[in-house]
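Scroll down for the structure; my scribbles are underneath it.
The values are calculated or read from the model by the stated rules, or taken from the named source; none is laboratory data. Quantities reported herein were computed from a predicted structural model and do not represent experimental measurements. For neighbour counting, all protein chains shown are included, and Cβ atoms are generated from backbone atoms with ideal geometry for every residue, glycine included. When the accessible area is computed, the model is the full protein with side chains, heavy atoms only, and any ligands, DNA or RNA have been set aside. Shrake-Rupley method; radii C 1.70, N 1.55, O 1.52, S 1.80 Å.
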Amino acid sequence: MILYLSRIHFPVTTLGPGRRIGLWFQGCSIRCKGCVSADTWGTGKGGVSINEIMAAIDPWLDEADGITISGGEPFDQPEALINLLAEIRSKTNKDILVYSGHPFEKIAPLVDQCKGTIDALISDPYEENASQTLALRGSDNQRLHCLTPLGETRFRQFDRTLKLSDKTFDIMFEEEGAIWLAGIPRRDDMRRLKTVLAKEGHIAVTTQDERSARGRTYDNPYS
Ligand code: SF4
């Protein structure tokens with residue numbers, strides 16, 4: 001089965017407890033205003049088999065504290081998501097956190113089909129004008145669901161407001177020189193980052209800038 005994937009990375013430390021394997025799906029039909037992951041919106045790119053994904057994450061499974069699946073929108077590829085989750089669960093008992101921009105009520109039947117494979121789910125779209133005070137969430141309308149006993153143990157602790165000690169970003173450097181960020185930026189973080197870099201003579205362009213400059217959906221350069 002083919003799954004459209006934007007990125008895989010290890011370790012990610014900002015999207016759940018510990019050092020985690022991060023998997024970002026490619027393709028998102030929700031298109032929230034202000035989304036910082038516009039490079040993951042386009043569909044039909046980054047096709048890989050589930051076997052290839054499992055081979056890629058296999059060397060990290062022992063060391064990882066958990067797995068986070070984000071996007072893009074994982075539930076836009078429901079069959080592939082269900083199959084991937086089953087494969088991951090067959091290989092590890094580490095916790096699995098999934099992000100979705102759909103309201104929980106809309107995806108509840110699919111979540112039911114993932115029973116026992118999703119330990120925690122964060123649902124609902126990013127709302128640009130909502131407050132940003134909650135751990136692991138980009139806007140306060142988003143809800144945390146602990147779906148298994150492991151999910152309760154690992155994620156109930158995040159049903160709280162943000163602390164100063166919560167990390168915001170993991171910064172990744174790609175071989176060809178591109179830099180990307182994993183995590184949940186606060187409003188204005190990108191503007192502050194650009195200001196800091198500009199003082200050092202660097203120009204930072206985000207996917208949001210690319211999108212408005214081109215007047216169309218940003219094409220993922222990594223696919
Ligand atoms: S669901 Fe996530 S990836 Fe999709 S537009 Fe909203 S914030 Fe962006």
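Just a few scattered comments:
- The chain, relative contact order in percent, only Cα pairs under 8 angstrom and at least six apart counted: 21
- Solvent-accessible area of the chain (1.4 angstrom probe, protein heavy atoms only): carbon and sulfur portion equals 52 percent.
- Between helix 189-199 and the chain: long-axis angle, C-alpha atoms, 0 to 90°, nearest 10: 40
- ARG7 long-range amide H proximity, modeled H, under 5 Å: TRP24
- Here's the thing: no lysines lie within a cross-link span of LYS45, going by alpha-carbon distance under 20 Å and ignoring same-chain residues fewer than 8 apart.
- Dipole magnitude of the chain about its Cα centre (Cβ charges: Lys, Arg +1; Asp, Glu -1), debye to nearest 20: 580
- What the Cα convex hull of the stretch 2-158 gives, in volume per residue, is 99 Å³.
- Note on the chain: helix-only mean residue ellipticity at 222 nm, from DSSP H runs of 4+ residues weighted -39500 (n - 2.57) and normalised by residue number, equals -7500 deg cm²/dmol.
- Per-residue 3J(HN,Hα) values for the stretch 140-157, derived from phi via the Karplus relation 6.51 cos²θ - 1.76 cosθ + 1.60 with θ = phi - 60°, read 6, 6, 6, 10, 9, 10, 8, 9, 9, x, 5, x, 4, 5, 8, 10, 4, 4 Hz in sequence order (x marks Gly and Pro).
- The long axis of helix 104-113 is offset from the longest Cα principal axis of the chain by roughly 40 degrees.
- Solvent exposure ordering (accessible area, 1.4 Å, most first) of ASP188, ASP119: ASP188, ASP119
- Loop sites in the stretch 1-91: GluC sites (Glu not before Pro), DSSP, at most 16 other Cβ within 10 Å: GLU63
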